Amino acid sequence: MSRVGVAVLGATGAVGQRFVERLQDHPWFELRCLVGDGSAGRTYGEAVTWLPATPLKPSVAARRIVRIDDLDPRDVSVVFSALPSGKAGPIESLLAARGFAVFTNARDHRLDGDVPLLIPEVNPEHLALVARQRGPGLIVANGNCSAIILTLGLAPLHRGFGVADVHVATLQGLSGAGYPGVSALDIVDNVVPFIGGEEEKLEVEPRKTLGVLRDGAIVPDGLRVQATCTRVAVREGHLVTVHARLSRQATLDEVLAAWEAFRPSAEVAALPSAPARPIELRPEADRPQPRRDRDAGDGMAVSVGRVRLDEDGRGLRFVVLGHNTIRGAAGQSVLNAEFALARGLLPTPRTRVASAASSAGVPVALA
Ligand SMILES: NC(=O)c1ccc[n+]([C@@H]2O[C@H](COP(=O)([O-])OP(=O)(O)OC[C@H]3O[C@@H](n4cnc5c(N)ncnc54)[C@H](OP(=O)(O)O)[C@@H]3O)[C@@H](O)[C@H]2O)c1
């Protein structure tokens, strides 16, 4: 199979670097274009402060960063967006109108009625929403990083017992604030008990992902989430403490068995980025921990532990931890794109060239 040409928008940022790491040797996607704004014109190696442990390939480091209006639909059909929220929305809409398939991490399109907030292990049927988009391209969104981690942890409970009410407190790692992120003077020897806009996202987005697709629209789940989000001096990884109220009584063994049995469908399991076990249970009293558990499943599995069930069989407390820039961002987008490719939803070269011709003169760069 010839590989599909892809681009990364915001390639020098915290999420953009994870995209580059995961795409520089991908079996289905070929990384052909690195896009930036302030960094445009420099080579990637000069512009980036490379953070991942995986070495950056010299051929990628030597690539020159381009601007969004340099994207060529004859070369690239899939665009991974790690643009700042606020800037991202109009740029992504125009790219979709030019025929690109856009997989975005920004918040701007997450709640659009025709954009799936996709986790293929949880709501694969939501991908069908893209049929409502006007095309010729498409937009598929990732949830907020903590929302993805929480939603994965809740999904087996939601399926097995129903979940009515959830109270969460997050302890979110530094890379969640982008690069260079929070000032050292603010975070060393400290916890910051506020992250702008984060609590609202956690309260709304899991309801969409866990919602039902009915008559071509998502009916959000009735789940009520109340969140307090904090920034802690951890490099990578978001830890979420959860108090959930199940809709029906369960035993501790049933709850553990629901998490244990949670597996991707055969279709999703065949995708290159899908972990064999999206949820790993940690039986130890003091796990999961960010440093020890964030790389579970190559960063694509979340870890659940500290499970306690109230005597009434409905009040459940646990901790769920995930890698914010992998499962919570770039890894999730790449998995979503693999899923869309496997389902035959990515634009073919013929539709891309036709749409590029028909939208000639449309300015793509709005930033
Ligand atoms: N960090 C996380 O854990 C996380 C998780 C989930 C979602 N997200 C979301 O993912 C997005 C990226 O987050 P981040 O943490 O990676 O931010 P970041 O580190 O600040 O990176 C943003 C990048 O966007 C580039 N950029 C800005 N304006 C641009 C434009 N007009 N055209 C092209 N490139 C442009 C910048 O590169 P230049 O230097 O070239 O301008 C910068 O490298 C945000 O929407 C964020 O909310 C982040």
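Throughout, read-outs are computed from the coordinates displayed, never taken from laboratory work. Keep in mind the model is a prediction, meaning the values are calculated, not measured. Reconstructed Cβ throughout: ideal geometry from the backbone, glycine too, with neighbour counts over all protein chains shown.
The figures follow:
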| read-out | value |
| --- | --- |
| P(r) histogram, all alpha-carbon pairs of segment 189-264 included - 5 Å bins from 0, percent | 3, 11, 14, 18, 19, 16, 12, 5, 1, 0, 0 |
| Extension gain, R343 back to A53 (0.36 nm per residue minus Cα-Cα distance, nm) | 101.2 nm |
| Listed peptides 114-121, 260-267 by packing density, highest first (mean Cβ within 10 Å) | 114-121, 260-267 |
| Per residue, the convex hull volume that the Cα atoms of segment 162-217 enclose (Å³) | 116 |
| The chain - mean residue ellipticity at 222 nm from DSSP helices (-39,500 (n - 2.57) per run, n ≥ 4, rounded to 500) | -7500 deg cm²/dmol |
